[in-house]
Amino acid sequence: MKRILPLLLATLATPALAQTQATPTAPASPRPAPKLIVAISVDQFAADLFQQYRNRYTGGLARLLGGAVFPSGYQSHAATETCPGHSTILTGNHPAKTGIIANNWIDQRVGRADKVVYCSEDESVTGSTHDSYTVSDIHLKVPTLGERMKAANPASRVVSVAGKDRAAVMMGGHKVDELWWWDGKTYVTYAGRAVPPVVQRTRDAVAALVARPQEPLALPGWCKGLDRPITIGNYTVGQGRFARAGGDLKAFRASPASDAAVLAMAAGLIQDMKLGAGAAPDLIAIGLSATDYIGHSFGTQGTEMCIQQAELDQAIGGFLDVLDATGVDYQLVLTADHGAHDMTERQIERAMPMESHIDPQVNAKQVGAAIGRDLGIAGPVLLGSEGDIYLDKALTPAQRTRVLAEAVRRYAALPQVAAAFTAREIAATPMPTSPPETWTLLERARASFDPDRSGDLLVLLKARVTTIEKPGPGYVETHGSPWDYDRRVPIVFWRKGQTGFEQPLSVETVDIVPTLGAVLNLKTPGVDGRCLDLDPGPADTCKF
Ligand SMILES: [Zn+2]
């Protein structure tokens, strides 16, 4: 299991550049700012998953457990999807301010037929469609930490690499020196940008890796208890070991090897760009997407996720070894964009008989059609499916009022629906200031509400109802709910020489930017979060 990252690193490393660039600075008082910020997001790394596996880690994640550990970090908002989640991590703002209210939302002003806009695209590009889009940062309304560092000192460099474009864009922000994501076939960036040699080497190494068939990975002994089949329709999951045929790009994406590849590219960029060795501190954001693809494809309680946890731990360990060899004093933070919980079929077998798939009667198309019939209005009436629901812009003001009232009444009567809030109700709710686990559903909705982009109505499902109507290969489990299994993620800070501690009470992902800002002696006005004191004793890293 330890072979993929070293293989790629061997391909990538430029020996002359891999040599030590600086001698580590001995901890002094007050400690000088680190030279490099390393921010890792593990997509769908739920607090529950971290809790389940933390005693099994022996590699990079085991090392990070010696840092400042916040096992109950919150993506506090209701819309616990990848794009909103990543938009909080390095901005310090809730999605209500980042403007990233979902992975996709409806904008009835756009010219395209389906009116669906993707969070990290520029829909104004001529000829672009929802399925064939141009990646862009235009929807992100606030600066990232990297942008703030560049504003303070233009010599700071910002790099963002990820398995998904939306992770790379939302963590990198608007001013990135290098931004690379996997497009399903290879690593790409914005049009017109040069391909650094290390990225080309990554492309070549990954292409060769994908072309070869993959034997099943070894099953760690502690995974054996999970090695049981779960039948979903006409196929089975739960016992997979990531064997794949040569050339299977989809299987590669949902495998530990895709995380190892992103880490190898990140390590290569750190070496080649000499990140952390310049006049000003640099930042690299790394989005590891495999945990999410594996969760969606196989759930959280099979051999697949168990192997992934073991491989992720080792791959991060290999990456940290490369970082250490540069001699750069780096501050690392690791967190996630949202949590998840296991697939419905296995949950039912595991003492959760109330788990259910969403009923088609909750879908806005059905609800809208019924309202249209009753009120004698032609046309779709409601747009969307679940979550954010939009009133058709063709409705008259009088029709809008009647349709909205009728929609609220009908949704509230459905047994799977926890709440149906109007945009006006959500907008009138103050941003909560209490600990995130105490927030009401309306307050959670408020934190991911943007009056310009959110629906006219927000429909929230009851806990343990999944938005997957009918599971199929690659999509058996998901997240996106306002419930804590989707909101809670670990947040871990680690720096060489730092004294570790654990704080089990809740903190938030919006706290990361003011915390890192303090470490960098950088004020971060306008953030929603607060600085977390990373010193377990009387000293206070927030005072600078
Ligand atoms: Zn995600």
query = Hey, any hits in region 373-389 for a residue that's within 16 Å of the ligand (Cβ to nearest atom) and surrounded by 14 or more Cβ atoms within 10 Å (Cβ to Cβ)?
reply = yes
query = If residue 328 satisfies every condition in (1) of a type in the set (Val, Ile, Thr); (2) farther than 23 Å from residue 80 by Cβ; (3) without any contact (Cβ under 8 Å) to a residue 40 or more places away in the chain but one, which is the exception?
reply = (3)
query = If you take the residues in region 75-104 that are of a type in the set (A, V, I, L, M, F, W, C) and within 13 Å of the ligand (Cβ to nearest atom), which one is nearest to residue 339 (Cα to Cα)?
reply = 79
request  = Could you figure out which of (1) closer than 30 Å to residue 221 by Cβ; (2) touching a Gly at 6+ places or on another chain (Cβ under 6 Å) isn't true of residue 61?
outcome  = (2)
ask   = Taking region 281-293, which residues are assigned to a helix (DSSP H, G or I) and not polar (S, T, N, Q)?
value = 290, 292, 293
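Looking only at helices (runs of 4 or more DSSP H) that lie completely in region 417-512, which have at least 1 residues being loosely packed, with under 15 Cβ neighbours inside 10 Å and over 18 Å from the mean Cα position of the chain (by Cα)?
So the answer is 423-427.
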query = (1) buried (at least 24 other Cβ atoms within 10 Å of the Cβ); (2) more than 16 Å from the ligand (Cβ to nearest atom); (3) within 22 Å of residue 179 (Cβ to Cβ); (4) within 23 Å of the chain's Cα centre (by Cα): which one isn't true of residue 286, the others all being true?
reply = (2)
key: Residue in region 169-181 that is touching a Gly at 6+ places or on another chain (Cβ under 7 Å), part of a loop (DSSP other than H, G, I, E, B) and within 15 Å of the ligand (Cβ to nearest atom) present   = no
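Taking residue 374 as the residue in question, decide whether it is farther than 30 Å from residue 505 by Cβ, among the acidic types (Asp, Glu) and not in a helix (DSSP H, G or I).
Taking the combined requirement at face value, the residue does not satisfy it.
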message = Of the residues 278, 225, 268, only one is assigned to a helix (DSSP H, G or I) and out of contact with any helix residue (DSSP H, G or I) (no Cβ under 7 Å at 6 or more places or on another chain); which?
response = 225
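Return the total of residues in region 456-479 being more than 16 Å from the ligand (Cβ to nearest atom) and within 21 Å of residue 338 (Cα to Cα).
10
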task = Residue by residue through region 256-283, note down the ones that are away from the ligand (no atom under 16 Å from the Cβ) and within 24 Å of residue 45 (Cα to Cα).
result = 256, 257, 260, 261, 263, 264, 265, 266, 267, 283
query = When only residues in region 41-74 that are over 10 Å from the mean Cα position of the chain (by Cα) and within 16 Å of the ligand (Cβ to nearest atom) count, which is surrounded by the fewest Cβ atoms within 10 Å (Cβ to Cβ)?
reply = 48
Answer from 156, 136, 160 - the residue that is within 16 Å of the ligand (Cβ to nearest atom) and either closer than 30 Å to residue 331 by Cβ or in contact with a helix residue (DSSP H, G or I) (Cβ under 8 Å, 6 or more places away or on another chain) (or both) = 160
task = Examine region 110-123 for a residue that is modelled with pLDDT of 95 or more, over 23 Å from residue 42 (Cβ atoms) and in a helix (DSSP H, G or I), and state whether such a residue exists.
result = no
request  = Take residue 166 and decide whether it is buried (at least 24 other Cβ atoms within 10 Å of the Cβ), basic (Lys, Arg) and within 16 Å of the ligand (Cβ to nearest atom).
outcome  = yes
note = Filtering region 124-149 for residues that are β-branched (Val, Ile, Thr) and at pLDDT 95 or above leaves a count of 5
ask   = Residues in region 484-509 that are within 16 Å of the ligand (Cβ to nearest atom) and either hydrophobic (A, V, I, L, M, F, W, C) or over 26 Å from residue 87 (Cβ atoms) (or both): how many?
value = 2
query = For residue 465, are the conditions met, namely being in contact with a Ser or Thr (Cβ under 9 Å, 6 or more places away or on another chain) and either under 30 Å from residue 395 (Cβ atoms) or among the basic types (Lys, Arg) (or both)?
reply = yes
ask   = Among the residues of region 90-109, which ones are within 30 Å of residue 520 (Cβ to Cβ) and assigned to a loop (DSSP other than H, G, I, E, B)?
value = 90, 91, 92, 93, 94, 99, 100, 101
inquiry  = When the residues of region 291-313 are narrowed to those that are of a type in the set (A, V, I, L, M, F, W, C) and closer than 12 Å to residue 44 by Cα, which ends up farthest from the ligand (Cβ to nearest atom)?
reply    = 305
Which listed residue is of a type in the set (Phe, Trp, Tyr), in a helix (DSSP H, G or I) and under 20 Å from residue 456 (Cβ atoms), from 390, 411 = 411
remark   = Looking across region 314-341 at residues that are within 23 Å of residue 222 (Cα to Cα) and within 16 Å of the ligand (Cβ to nearest atom), the single one that is nearest to the chain's Cα centre (by Cα) is 339
Out of 388, 324, sole residue that is over 30 Å from residue 302 (Cβ atoms) and either among the β-branched types (Val, Ile, Thr) or in contact with a strand residue (DSSP E or B) (Cβ under 7 Å, 6 or more places away or on another chain) (or both) = 388
request  = Output yes when any residue across region 117-124 is closer than 19 Å to residue 385 by Cα and away from the ligand (no atom under 16 Å from the Cβ), and no when none is.
outcome  = yes
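The values are calculated or read from the model by the stated rules, or taken from the named source; none is laboratory data. Since we're looking at a predicted model, the values are computed, not measured. Neighbour counts run over all protein chains shown; Cβ positions are idealised from the backbone, glycine included.
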